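Student: Here you go, one structure.
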Amino acid sequence: MMTTILTNSMQPYSLVSNSKYQIFDNFLEDPDEVLEYANTCQYFTAEEYQKIDPLESIGNWPGLRSNDLQLEFPDITHKLNKMFNVKVGWMTFYQHLVSQNIGKPTPHTDVRWDFSGVIYLKGSDGTWIDNEIVPFKYNRAVCFDANVPHHPLHSTTDRLVLTFFSKYTT
């Protein structure tokens, strides 16, 4: 049974084991189709992304991102909006390639957003969220308050996730 409390943003938030995140296994109806689409996308560094969308290129995130995917995956966007009472504002594939030699990850918050999440698609490394590690599991959604410190974990395998960033609607 999940406990509901209020977060800093005064929105209902269900907790798992008194943590600051929620886990949903088998989140996507057809994760293989989503992964197949990810393999066809063009990816951009943070510097390159500034030319596409300057608002979303704040910071110098490591790795590579696709363009916004809300129009390509309206069913996923709708599911997220309804499930969490949010309005998704940005949804991308985000990958860390071993060949990029990305350094040690640093905790950050998604300051423009209220609620964020990742859906694991490829790799073996999970996510660090406020001193807790959420292990990787294919098609697992990990959702959290965007103002909680977090960072991806990456080591010896390429990592691909579907990320989303949203605002509360009420």
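The values are calculated or read from the model by the stated rules, or taken from the named source; none is laboratory data. Computed from a prediction, not measured in an experiment: that's the story for all the values here. Virtual Cβ from ideal backbone geometry, glycine too; neighbours counted across all protein chains shown. Surface accessibility is based on the protein's heavy atoms, side chains included, excluding ligands, DNA and RNA. Shrake-Rupley method; radii C 1.70, N 1.55, O 1.52, S 1.80 Å.
Student: Across the stretch 87-137, which residue is least open to solvent (accessible area, probe 1.4 Å) among those that are among the charged types (D, E, K, R), out of contact with any Ser or Thr (no Cβ under 6 Å at 6 or more places or on another chain) and assigned to a loop (DSSP other than H, G, I, E, B)? Steps first, answer last, please.
Tutor: Within the stretch 87-137, the first condition is being among the charged types (D, E, K, R), and the residues that meet it are 87, 104, 110, 112, 114, 122, 125, 130, 132, 137.
Filter once more, keeping what is out of contact with any Ser or Thr (no Cβ under 6 Å at 6 or more places or on another chain): 104, 112, 122, 130, 137.
Checking which are assigned to a loop (DSSP other than H, G, I, E, B) leaves us with 104, 112, 130, 137.
On the way: K104: 186, R112: 83, D130: 47, K137: 87 Å².
Ranking the candidates gives D130 first.
Student: Then there is this: How about the stretch 48-65: which of its residues are open to solvent by less than 60 Å² (accessible area, probe 1.4 Å) and either at pLDDT below 80 or assigned to a loop (DSSP other than H, G, I, E, B) (or both)? Break it down stepwise before answering.
Tutor: To start, the set of residues in the stretch 48-65 that are open to solvent by less than 60 Å² (accessible area, probe 1.4 Å) comprises 49, 53, 56-57, 59, 61-65.
Hits for the stretch 48-65 are D53, E56, S57, G59, W61, P62, G63.
Student: A follow-up question, please. Taking the condition of being touching a Pro at 6+ places or on another chain (Cβ under 7 Å) and either assigned to a loop (DSSP other than H, G, I, E, B) or open to solvent by 40 Å² or more (accessible area, probe 1.4 Å) (or both), how many residues in the stretch 155-169 meet it?
Tutor: 0
Student: Looking at this structure, is T77 part of a strand (DSSP E or B) and either open to solvent by less than 50 Å² (accessible area, probe 1.4 Å) or out of contact with any Asp or Glu (no Cβ under 9 Å at 6 or more places or on another chain) (or both)?
Tutor: Judged against the criteria, T77 is not a match.
Student: Can you pull out every residue in the stretch 77-97 that is in contact with a helix residue (DSSP H, G or I) (Cβ under 8 Å, 6 or more places away or on another chain), closer than 22 Å to D125 by Cβ and of a type in the set (A, V, I, L, M)?
Tutor: Selection gives M91 alone.
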